[in-house]
Amino acid sequence: MEIQHKKSLSKHTYLKAYCPHCKRNLNAGKSEERKLKLKAIYKQEEISLQSSPYLEDFDLKASFTVDKGEVFDDIFCPLCGASLVRSDIHCRECGNQGAEIIIAADEKLIPFYICLGNGCEWHGLSKADERKIRKIPRQDMPEQDELLRVNNFEEVPYGYTSELAMLEAERCIQCKNPKCVEGCPVNVDIPGFISLVAGGEFNEAAKLIKRDNILPAICGRVCPQEDQCEALCIMGKKGEPVAIGRLERFVADYEREKDLVKKPVIEGNNGKGIAIVGSGPAGLTAAADLRKRGYSVTVYEALHETGGVLTYGIPEFRLPKSVVQFEIDYLKGMGCRIEVDHVIGATITVDELLEQYDAVFVGVGAGLPKFMRIEGENLGNVFSANEYLTRMNLMKAYKFPDYDTPMPLGNNIVVIGGGNVAMDSARTAIRSGAKEVTIVYRRSREEMPAREEEIHHAEEEGVKFRLLTSPVRYIGTDYKTVKGVECMEMQLGEPDESGRRRPVPIEGSNYTIDCDVAIVAIGTEANPTIFKSTPDIERNKWGYIKTDTQTNETTKEFVYAGGDIVTGSATVIEAMGAGRLAANAMHQKLSELSVHSE
């Protein structure tokens, strides 16, 4: 086959072929024009064979006319004369014998078969072999242009198309011992669902994921796959890992948008009731798992909308609230009852819940904001990230005046911190119309705990970074509102308990950043409300609930806990894993009690 357009060469996969006997190169010619050349016996005549060196165009051409379907008597190496035909190899398309050559791919030698039937393009490569040869790059998700998205709160990534999803899924080599599953806190069958995607079976892939993960559309968007499942992907050893999170999002969105979601089968009603405190990822997972087993489940939420941090903490452009609400509606469809505006510890106590239910799961998160305890933190327009994001997300301030909550406005906004919450705050501030948004972080970019994707998006959207910088005080106006942040430059010393290098102040390096709004995003801790009314729930030295690591049961019998209220700030999927562990332990304990009481 003649190559007509050299510009198209980059789209082809070049075959570098060798004789399995003499190990010499079977390619002849120069540069990309090098043809694959062989010899053959046809009707007792020796003829020459030639093919394009590209996998996509592989088609043998004889030196004189050979009709399609005619069978060569032999194919042999033109360099050493050895026959390449193997008696144990037969074409899977026409059944004729095949000749074997060796091709180099991904620094490995792979058998490549040539059917003796002229015109048959079978080559015997497995999908895994083809992936090695083709070296499909990791597929990017289409997304909003940065110049457009800073003026709206619509979701930034559009997600994969069917074609992109199938192409990305083909990159998975289907390991016999898939480490990616070990990296998933709920042990989703990752190779299984990806194999289904590669075959175009998207609905089946979604159903397979939902056996272990009831929130795939959410996890696919906000979980740090790069530190969990994708971190252990074998493809990431020499290149980029398979985009597991993007594929998870794709199949979940496909199932929802095509209206293919089916309510799970409920195992009747076992006569027992469970109270779930908090409607974040941990609570939702525990509720779903227990409801499937026939428990009567009631979810108590302190705020007027469900979803926990998924609703009040994560911006619309990163996690649309319609996606969260769909999952909540799915839970309601299973028969879970949801009570909003119930602050456990104030409206009703844990002890009172135990009088009504057989067990209680506490998944209230860690909603108490941390501050640096420096001068000026009580000035006007100094917000915690919790308050700022709750106003913008839960209270819909970004839709003011359609909603009653006004948007906190500023021309120069400073965000303190380097995590995902800091990125969410900064990117939200950009969309509020601020002229300049600056992130102040006391370490370097390499130590930032935020996802690389979030940092990248923030940079694209015009957020500025003052790294190796730490605030020392806020400066106020005569009207007691913030007008600046005095900062000190830092340098990195020895690693601390987090494994990151400790920031050390540089004396005499102070300078001021002008701002009219400051947002503090340096972490959260446990809200004390629930502990005031339930002092017999023991806490650890950091103030979080102490649990049995095997069951997630607290020091108060029949009270379980999981998520950020136990671990401090963690990921959505880790909270889900904690909810599942607690649900399994509750079920086991209550089932054993039922057996003993009979």
Restricted to the stretch 413-442, and to residues that are more than 15 Å from A521 (Cβ to Cβ) and not hydrophobic (A, V, I, L, M, F, W, C), which residue is most open to solvent (accessible area, probe 1.4 Å)?
K435
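Just to be sure, is Y113 at pLDDT 90 or above, more than 25 Å from L60 (Cα to Cα) and among the aromatic types (F, W, Y)?
Against the criterion (at pLDDT 90 or above, more than 25 Å from L60 (Cα to Cα) and among the aromatic types (F, W, Y)), Y113 does not qualify.
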Of the numbered conditions (1) open to solvent by less than 40 Å² (accessible area, probe 1.4 Å); (2) of a type in the set (S, T, N, Q); (3) not in a loop (DSSP other than H, G, I, E, B), S87 fails exactly one; give the number of that condition.
(1)
Does S195 satisfy the condition of being under 23 Å from T13 (Cβ atoms) and surrounded by fewer than 13 Cβ atoms within 10 Å (Cβ to Cβ)?
no
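Name the helices (runs of 4 or more DSSP H) wholly within the stretch 493-598 that hold at least 1 residues that are in contact with a strand residue (DSSP E or B) (Cβ under 8 Å, 6 or more places away or on another chain), under 21 Å from K292 (Cβ atoms) and open to solvent by 20 Å² or more (accessible area, probe 1.4 Å)? Outline the logic, then answer.
Values: elements: 529-533, 564-567, 572-597.
In the stretch 493-598, 572-597 are the helices (runs of 4 or more DSSP H) which contain 1 or more residues that are in contact with a strand residue (DSSP E or B) (Cβ under 8 Å, 6 or more places away or on another chain), under 21 Å from K292 (Cβ atoms) and open to solvent by 20 Å² or more (accessible area, probe 1.4 Å).
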From the list E494, E574, E538, which residue is of a type outside the set (F, W, Y) and over 30 Å from I439 (Cα atoms)?
E538
Which of the residues belonging to the stretch 198-236 are under 22 Å from S126 (Cα atoms), in a helix (DSSP H, G or I) and out of contact with any Ser or Thr (no Cβ under 9 Å at 6 or more places or on another chain)?
A198, I234, M235, G236
Checking L38 against (1) free of Cβ contacts under 8 Å to residues at least 12 places away in the same chain; (2) crowded, with 17+ Cβ neighbours inside 10 Å; (3) not basic (K, R), which test does it fail?
(1)
Among the listed residues N393, N412, identify the single one that is among the polar types (S, T, N, Q) and at pLDDT 95 or above.
N412
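One line per residue, one yes/no per condition, for (1) under 18 Å from the mean Cα position of the chain (by Cα); (2) basic (K, R); (3) open to solvent by less than 30 Å² (accessible area, probe 1.4 Å):
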residue	(1), (2), (3)
N118	no, no, yes
E121	no, no, no
S126	no, no, no
K132	no, yes, no
Q144	no, no, yes
L147	no, no, no
Y158	yes, no, no
T161	yes, no, no
Restricting the first residue to the stretch 126-145 and requiring it to be over 14 Å from A243 (Cβ atoms) and part of a loop (DSSP other than H, G, I, E, B), which pairs with a second residue that is open to solvent by less than 40 Å² (accessible area, probe 1.4 Å) and modelled with pLDDT under 85 meet a Cβ separation below 9 Å and a spacing of at least six or different chains?
K135/T13; K135/A105
Only one of these is in contact with a Cys (Cβ under 9 Å, 6 or more places away or on another chain), open to solvent by less than 50 Å² (accessible area, probe 1.4 Å) and more than 26 Å from I545 (Cα to Cα): G380, G410. Name it.
G410
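The values are calculated or read from the model by the stated rules, or taken from the named source; none is laboratory data. Just so you know, these numbers come straight off a predicted model, no measurement behind them. Don't worry about glycine lacking a Cβ; one is built from the backbone with ideal geometry, like all the others, and counts go over all protein chains shown. Remember, those area values only see protein heavy atoms, side chains included, never the ligands or the DNA or RNA. Shrake-Rupley method; radii C 1.70, N 1.55, O 1.52, S 1.80 Å.
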